[in-house]
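A.B. asks: Okay, handing you the structure first.
The values are calculated or read from the model by the stated rules, or taken from the named source; none is laboratory data. As the structure is a prediction and not an experimental result, all values here were calculated from the model. Neighbour counts run over all protein chains shown; Cβ positions are idealised from the backbone, glycine included.
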Amino acid sequence: MKRLFVCCAMIAALFLHAGCGKRDIDKTGLVKLSGKVYAMIATGPAPVEGLGANSGFVVGSKGVLVVDTRYTGALANELLAAIRAVTDAPIAYVVNTHYHPDHAWGNMVFKEQGAVIVSRPETREALIKYSPEYLEFYKARSEGAYAMLSDVRVVAPDTVFGDETEIDLGGVKVVLRFFGAAHTAGDAVVIIPKEKVAFTGGLLSNGYHPNLGDPGADFDNWITTLDRLGGMRVRHFVPGQGKVCGKDAVRAQKKYIETLRRECTAAIKKMTPLETAAASIAVPGADGYLQPNLFPFNVQAVYRFEIPRVTKPDFTLALPEGFQIIDGGGGPKMGRIRWSARNEAGYLEIEVQWKPTARGEVIPQDIAEQVAKYIESSERRLAIEGTRRMDIGGEEAVTSYGLWQVKPEFGSLGGGRWAWAQIVRDGRLYSIQLATDGGNIPSKDEANMVLLEKIAGSFTMKRG
């Protein structure tokens with residue numbers, strides 16, 4: 001109790017010094033934006049600081065609405081203490097702006113206070129689906145962060161809303177808006193119209209690199225959503241990360257995403273490998289942003305998003321869930337796309353390359369020559385065991401197959417089975433390359449190769 005009293009006293013002191021002028025909002029900790037709206041601005045990006053994730057609350061005569069609940073139980077309790085330093089009104093609602101752990105894993109603390117937790121349906125679904133994966137990631141990769149999360153009990157939202165809903169807190173109207181998938185599939189914007197304040201969740205970062213890598217992200221609509229935020233009658237935005245800001249930050253975020261997309265598109269057209277692009281691409285003005293470790297992942301995410309849009313492949317593959325684009329480049333005339341996946345049997349990879357050709361048919365020597373060129377520039381050494389036929393979209397295609405290993409000079413272990421097939425369609429040569437790494441267990445390599453050959457068999461030319 002003594003520790004809680006000291007904590008409350010410290011937060012109350014912060015509150016007493018918090019106003020709504022420009023000087024006062026340029027700070028971390030508890031920030032008073034009006035007599036009814038407060039932001040809790042993270043002090044920094046470290047795990048103990050909540051990975052930079054912001055939260056806040058709105059106070060009405062009927063109760064309190066909390067926006068995002070922070071990363072850990074300890075941080076959620078710190079937010080609860082801040083609320084209690086301001087008001088003893090019941091905590092009626094929690095809104096999860098999206099499902100990421102640093103914004104939603106404190107739900108358990110406020111559920112115990114009797115709050116109704118609200119989100120978009122996509123957020124509820126993703127929180128349930130991905131939270132176990134996040135916990136496993138932290139367990140394997142970050143012992144310190146995982147120790148902080150030992151008491152986390154993931155609590156899903158109780159109810160969901162559509163494109164727009166209003167909540168009456170008693171003298172304060174709060175509007176929840178959904179503009180479509182952007183940062184995630186289910187981003188909610190929390191607007192307090194009379195106070196001219198909006199909580200944006202991960203849609204907006206200020207002085208931090210945004211996270212562009214969520215599976216549900218849609219960069220086209222993210223730009224559109226930022227335009228809509230910029231057109232609102234809002235004085236103060238509480239971003240997902242960073243200090244309270246105005247519309248300059250909205251414009252800066254839009255420029256960041258547009259610049260990264262433009263640079264990645266240019267690199268894809270030049271067939272620059274993703275690894276090279278991630279080391280060379282830069283966004284002017286973002287050098288001093290916090291969480292710079294996100295930038296290579298942002299390049300990767302944009303590359304994956306833009307590759308099919310730039311290359312415009314004229315074929316389709318029936319790829320099972322779990323496969324994702326990992327590299328590619330070129331254009332409709334000549335290009336390549338590589339997909340990969342991991343399952344309980346190991347690593348699977350499929351790549352399709354295409355280029356103009358005057359050939360009418362493929363012979364085994366054609367593939368042997370391609371394998372020799374590949375070995376010269378690759379980390380892998382391929383050994384040809386033989387030649388056979390493989391079904392590629394209903395055609396019995398010439399196929400070479402064998403074993404591969406990582407070259408000793410590249411240090412890391414790795415190897416498995418591979419198979420390459422080639423077909424000619426409409427004046428183009430298509431090379432379908434399969435590879436699997438079953439961890440030196442032949443039965444796993446064989447099972448994965450069966451799956452890859454099934455995918456290759458689904459190769460279908462698009463009509464028109």
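A.B. asks: Does LEU203 satisfy being assigned by TED's automatic domain parsing to the domain that holds SER131, in contact with a His (Cβ under 6 Å, 6 or more places away or on another chain), surrounded by 21 or more Cβ atoms within 10 Å (Cβ to Cβ) and at negative phi?
C.D. replies: yes
A.B. asks: I need the full set of residues from region 315-333 which are more than 22 Å from PRO215 (Cα to Cα) and out of contact with any Pro (no Cβ under 7 Å at 6 or more places or on another chain), in order please.
C.D. replies: Passing the criteria: PHE315, GLY330, GLY331, PRO332.
A.B. asks: Residue by residue through region 291-312, note down the ones that are surrounded by 16 or more Cβ atoms within 10 Å (Cβ to Cβ), more than 13 Å from the chain's Cα centre (by Cα) and either touching a residue at least 60 places away in the same chain (Cβ under 8 Å) or more than 26 Å from GLY427 (Cα to Cα) (or both).
C.D. replies: Result: GLN291, single match.
A.B. asks: Pairs needed: first member in region 66-89, assigned by TED's automatic domain parsing to the domain that holds ALA147 and aromatic (Phe, Trp, Tyr); second member anywhere, in a helix (DSSP H, G or I) and crowded, with 22+ Cβ neighbours inside 10 Å; C-beta distance under 8 Å; at least 6 residues apart or different chains.
C.D. replies: TYR71/PRO101; TYR71/ASP102; TYR71/HIS103
A.B. asks: Of the residues that sit in region 75-108 and are more than 24 Å from LEU203 (Cα to Cα) and either basic (Lys, Arg) or in contact with a Leu (Cβ under 6 Å, 6 or more places away or on another chain) (or both), which one is surrounded by the fewest Cβ atoms within 10 Å (Cβ to Cβ)?
C.D. replies: ARG84
A.B. asks: Identify the residue in region 115-165 that is assigned to a loop (DSSP other than H, G, I, E, B), of a type in the set (Asp, Glu) and touching a residue at least 40 places away in the same chain (Cβ under 8 Å) and, among all such residues, is nearest to VAL59 (Cα to Cα).
C.D. replies: Result: ASP158.
A.B. asks: Restricting to region 176-218, and then to whatever is aliphatic (A, V, I, L, M) and in a loop (DSSP other than H, G, I, E, B), can you tell me which residue is nearest to ILE25 (Cα to Cα)?
C.D. replies: In this case the residue turns out to be ALA188.
A.B. asks: Are there any pairs with C-beta distances below 6 angstrom linking a residue in region 253-267 that is under 12 Å from GLU306 (Cα atoms) to a residue that is modelled with pLDDT of 95 or more and in a helix (DSSP H, G or I), with the two at least 6 apart or on different chains, and if so which?
C.D. replies: Short answer, once both residue conditions are applied: LEU260/VAL302; ARG261/VAL302; CYS264/VAL302; CYS264/TYR303; CYS264/GLU306; THR265/GLU306; THR265/VAL310.
A.B. asks: So which of GLY52, GLY114 is modelled with pLDDT of 95 or more and either crowded, with 18+ Cβ neighbours inside 10 Å or under 24 Å from ASP214 (Cβ atoms) (or both)?
C.D. replies: GLY52
A.B. asks: Could you tell me which of the residues VAL302, VAL310 is farther than 26 Å from TYR208 by Cα, in a helix (DSSP H, G or I) and not hydroxyl-bearing (Ser, Thr, Tyr)?
C.D. replies: VAL310
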